[in-house]
């Protein structure tokens with residue numbers, strides 16, 4: 001089968017990663033914050049919170065990746081308070097820094113940076129991730145070759161080099177109840193819980209519902225079209241909601257099984273961040289997703305899930321697990337309509 005150059009990842013990777021991009025250096029912004037500068041093919045966004053050393057390694061992996069197309073890096077520091085910007089700004093002068101006075105959360109910070117981005121493609125990258133050399137060119141080439149795809153997520157590796165599942169289905173009433181009752185542990189091979197099976201072990205790209213937001217490539221125009229992240233997600237679940245909007249806009253979400261990043265999972269949410277806020281955010285995030293995108297299923301889910309989480313709240317209280325007790329209690333209140341199904345500023349003030 002003949003490969004047309006304009007639609008072939010191999011040909012495009014040659015243009016994007018192995019030789020200077022002929023178009024990138026000619027395109028110059030007419031105005032705005034990039035006035036007089038080449039318009040980048042790729043805008044990389046990183047949100048950091050108290051992970052200074054990991055962020056330094058992440059930024060170094062971008063520099064060493066071998067991507068010769070034009071790019072920009074925008075890093076948002078969510079009030080780390082550990083000297084992150086002061087230490088890294090001189091070492092990485094090409095990075096554009098945004099310093100927030102408080103931790104506004106992951107989704108709002110990404111939106112903040114994306115509003116300044118000017119690339120054709122937007123890469124969301126966790127600060128505790130290190131890119132594998134050559135991965136940027138291959139990811140961008142894949143998107144260039146497939147204009148019908150709106151989001152792509154690559155294979156991710158643990159610190160030990162072991163691949164892990166970074167593609168997922170959208171949550172349903174059944175899967176949420178299975179996880180909250182821990183029945184998922186007694187049926188680990190259930191197709192409902194492992195929907196993609198051996199496809200994740202193969203080498204062929206394939207469509208999925210959603211991919212992990214720690215290394216997610218999308219189109220900036222599409223990002224703007226669907227409104228980016230819902231800022232009510234403080235930390236977690238926002239990438240599922242974004243994938244939902246992308247699919248409903250008529251674009252595909254794909255898993256690309258090329259190893260692209262080592263994810264250290266060492267606290268991109270911040271080593272000292274309150275576990276209460278993180279757990280609460282994820283717990284409420286799934287409720288907000290169902291409430292927003294699957295309203296009829298949410299109606300069926302509310303009562304049984306409220307009962308399950310009420311029991312878990314009592315058990316966590318008895319066992320002295322304060323963080324879990326708070327998250328379960330607030331989730332029950334959200335299910336009963338007594339509070340919003342997202343982390344509020346008052347929550348952050350109380351438990352951060």
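Derivation of every value follows stated rules applied to the coordinates shown; laboratory data play no part. Quantities reported herein were computed from a predicted structural model and do not represent experimental measurements. Note that we place each Cβ from the backbone using ideal geometry, even for glycine, and neighbour counts take in every protein chain shown.
Pairs of Cα atoms in segment 275-351 fall into 10 Å distance bins, from 0 up to the last occupied one, in shares of 21, 53, 24, 2 percent.
Full extension from residue 323 to residue 92: what is 0.36 nm times the residue separation minus their Cα-Cα distance, to one decimal in nm? Intermediate values should be presented prior to the final figure.
Working: separation 231, 0.36 × 231 = 83.16 nm, distance 3.70 nm.
79.5 nm is the gain from fully extending residue 323 to residue 92.
Let's test the formula: R0 of 51 Å, r as the Cβ-Cβ distance of residue 115 and residue 315. What FRET efficiency results, to the nearest 0.05?
On the way: r = 43 Å, r/R0 = 0.85.
Plugging the Cβ-Cβ distance into 1/(1 + (r/R0)^6) gives 0.75.
If you average the C-alpha positions of segment 161-176 and of segment 97-112 separately, how far apart do those two centres end up, in angstrom? First find each Cα centre; the distance between them is then 26 Å.
Descending by average beta-carbon neighbour count within 10 Å, the peptides 69-80, 240-251, 339-350 line up as 69-80, 240-251, 339-350, the highest first.
Given R₀ = 25 Å, what would the calculated FRET efficiency be for residue 307 paired with residue 344, taking r from the Cβ atoms and rounding to 0.05?
Details: r = 25 Å, r/R0 = 0.98.
With a Förster radius of 25 Å, E is 0.55.
Note the full-extension length gain between residue 184 and residue 297 as 0.36 nm times their separation in residues minus their Cα-Cα distance, in nm to one decimal.
Values: separation 113, 0.36 × 113 = 40.68 nm, distance 1.97 nm.
Working it through step by step, the gained length comes to 38.7 nm.
Label separation (residue 177 vs residue 203): 4.3 nm, computed from points 7 Å beyond Cα along the C-beta direction.
Estimated at 0.36 nm per residue, the fully extended path between residue 57 and residue 102 surpasses their Cα-Cα distance by 13.8 nm.
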